[in-house]
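Please read the structure below before turning to the comments.
The values are calculated or read from the model by the stated rules, or taken from the named source; none is laboratory data. Because the structure is predicted, anything quoted here is derived from the model rather than measured. Positions of Cβ are generated from backbone atoms using ideal geometry, with glycine treated the same way; all protein chains shown enter the neighbour counts.
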Amino acid sequence: MHDFKFRNGELHGENVKVSTIAKKVGTPFYLYSHNTLVDHFTKIERAFAKVSPIICFAMKSNGNLAVLKTLINIGAGVDIVSIGELRKALLAGADPKKIVFASVGKTEEEIIEAIKAGILFFNVESEPELQEINRIAKKLKTKSKVALRINPDVAAATHEKITTGTLKKKFGIDLRTAHAMMKNRKKYPNIIFAGLHCHIGSQIISKEPFIHAIKRVIEFIDVLKKDGIELEYLDIGGGLGIIYKDEKPQTAQDFADAILPYLEKTGLKIVMEPGRFIVGNAGILVTKVLYLKDNGVKKFLIVDAGMNDLIRPAMYDAYHEIVPVKETTVKKEKLDVVGPICESGDFFAHDRMLSIIKNGELLAIMSAGAYGYVMSSNYNVRGRVPEVMVKGNKFEITKNRETFKDLMRGERIPSFLK
Ligand code: LLP
């Protein structure tokens, strides 16, 4: 559940009216609820208490410093995918021993910095990458811990663009190759084969694909055991789905009940990488209505946020609930909610039943905490919007709105054009 609720006809973020925040910071803006973040993290922690997992928040879903700090303060580790994320996680106070690093294309610079930072392990995605980590670890006169990311060839029933666990996708290592890499482990004297990793996709709402994948991984662990290969960690990735519309995803407890027996059987230390489950419903995007346009065929509510601020509808046809920030009795009509960008893909809803609210009034685009701000861009020379966190009665801007000066930083006209 989340802490964006209507009280006295007005949407609140925890105890603060969303309209009060809008007055202070202007629109559009992202708003995150501290309480919701803590609640979601705690739900996973409690559900999996039996195996005391290291819960590495997938910061690709939301890299806001206040969000990171909130989760790190209550014991979260961090799942990173780049040197930028590594630096930001450390800046937020993450314990390097709770950082795992996945990415199909880690560069030399990234590997060096992560080894020096002392991260828990690399999630390795290919044989050449393993050779590279081995080479760099040797150069640094150290040994580096890795978990091989297994591609279990399991289709997760989710959007095509966010399924990862089949061999048609670039992610992970097929079982045959992984087996050969482990058997040839003497070839990698500077590598400690610490574990296996498996992440099959995102926004997965049923437990079956997870169970399927874990069974494959466990079979593989048994094969390795027969070859005398003992592991320390099993990283089960992220991917838990949330409610955007009318999905009925498994709860953290359902998920835990289904997979704990398998996890316990392995006897390995468990690492998890949830992103969306923790932050998805802990954030909203608040936008202002600019115009109503009626072309005789369709009615368009034009708002001040655009696809550059939240690209999920354009990119994945994702559904986000949209609500007026002040409850209204105005009759609902079929509307498109669109942004100001010069693209037909710049929409937040098609043919949605919504009240036509007046210019200047506010709408909240719900469930925007995950893969929202982090995927925003400066398309159309639009500055990124501010991010705000609310905690009880308090709220603060945690990232400023980008100014034109911010956008022009580092850009110049070449001397031969002057
Ligand atoms: N671990 C790995 C290795 C991942 O690739 C991901 C997400 C996660 C963990 C976290 O998954 P989550 O718990 O958040 O489902 N932009 C897309 C989602 C891309 C997911 C990328 N990987 C969207 O907006 O739906």
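Which condition number in (1) under 21 Å from residue 399 (Cβ atoms); (2) away from the ligand (no atom under 13 Å from the Cβ); (3) surrounded by fewer than 24 Cβ atoms within 10 Å (Cβ to Cβ) is the one that residue 52 fails?
Of (1) under 21 Å from residue 399 (Cβ atoms); (2) away from the ligand (no atom under 13 Å from the Cβ); (3) surrounded by fewer than 24 Cβ atoms within 10 Å (Cβ to Cβ), only one is false for residue 52: (1).
I need a count of the residues in the stretch 159-181 that are touching a strand residue (DSSP E or B) at 6+ places or on another chain (Cβ under 6 Å) and either on the phi > 0 side of the Ramachandran plot or surrounded by fewer than 19 Cβ atoms within 10 Å (Cβ to Cβ) (or both).
2
Name the strands (runs of 3 or more DSSP E) wholly within the stretch 302-418 that hold at least 3 residues that are over 25 Å from the mean Cα position of the chain (by Cα)?
Counting at least 3 such residues, we get 332-338, 347-355.
Quick one: which of 344, 367, 377 is under 25 Å from residue 317 (Cα atoms) and free of Cβ contacts under 8 Å to residues at least 12 places away in the same chain?
344
Give me a count of the residues in the stretch 105-134 that are under 13 Å from residue 148 (Cβ atoms) and either under 19 Å from the mean Cα position of the chain (by Cα) or within 16 Å of the ligand (Cβ to nearest atom) (or both).
Going through the stretch 105-134 one residue at a time, the tally reaches 7.
Check whether at least one residue in the stretch 216-238 is closer than 30 Å to residue 384 by Cα, buried (at least 19 other Cβ atoms within 10 Å of the Cβ) and assigned by TED's automatic domain parsing to the domain that holds residue 137, and report yes or no.
yes
Pick out the one residue from 86, 68 that is outside the structural domain of residue 251 (by TED's automatic domain parsing), crowded, with 22+ Cβ neighbours inside 10 Å and out of contact with any Lys or Arg (no Cβ under 8 Å at 6 or more places or on another chain).
It is 86.
Can you name every residue in the stretch 111-158 that is polar (S, T, N, Q), surrounded by 16 or more Cβ atoms within 10 Å (Cβ to Cβ) and farther than 24 Å from residue 201 by Cβ?
The answer is 134, 144.
Working only within the stretch 241-254, note down all residues that are within 14 Å of the ligand (Cβ to nearest atom) and either within 21 Å of residue 220 (Cβ to Cβ) or free of Cβ contacts under 8 Å to residues at least 60 places away in the same chain (or both).
247, 249, 250
Please list, ordered by residue number, the helices (runs of 4 or more DSSP H) wholly in the stretch 67-143 having 2 or more residues that are closer than 25 Å to residue 32 by Cα.
83-91
In the stretch 199-236, what residues are within 13 Å of residue 183 (Cα to Cα) and either assigned to a helix (DSSP H, G or I) or within 12 Å of the ligand (Cβ to nearest atom) (or both)?
220, 221, 223, 224, 225, 226
Can you tell me which of 311, 356 is in contact with a Ser or Thr (Cβ under 8 Å, 6 or more places away or on another chain) and either at pLDDT below 95 or farther than 18 Å from residue 4 by Cβ (or both)?
Just one listed residue meets the conditions, 311.
Return the residues of the stretch 255-282 that are within 16 Å of the ligand (Cβ to nearest atom), touching a helix residue (DSSP H, G or I) at 6+ places or on another chain (Cβ under 8 Å) and not in a loop (DSSP other than H, G, I, E, B); say none if nothing qualifies.
Those that are within 16 Å of the ligand (Cβ to nearest atom), touching a helix residue (DSSP H, G or I) at 6+ places or on another chain (Cβ under 8 Å) and not in a loop (DSSP other than H, G, I, E, B): 255, 256, 259, 270, 272, 277, 278, 279, 281, 282.
From the list 97, 5, which residue is touching a His at 6+ places or on another chain (Cβ under 8 Å) and among the basic types (Lys, Arg)?
5
Output the qualifying pairs, or none if there are none: Cβ atoms under 6 angstrom, residues six or more apart or on different chains, first residue in the stretch 57-72 and over 17 Å from residue 45 (Cβ atoms), second residue within 9 Å of the ligand (Cβ to nearest atom) and of a type in the set (D, E, K, R).
Partner pairs satisfying both residue conditions: 61/276.
Per-residue answers, yes or no, for (1) in contact with a helix residue (DSSP H, G or I) (Cβ under 7 Å, 6 or more places away or on another chain); (2) over 24 Å from residue 282 (Cβ atoms); (3) within 16 Å of the ligand (Cβ to nearest atom); (4) not charged (D, E, K, R):
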| site | (1), (2), (3), (4) |
| --- | --- |
| 341 | no, yes, no, yes |
| 366 | no, no, yes, yes |
| 380 | no, yes, no, yes |
| 390 | yes, no, no, yes |
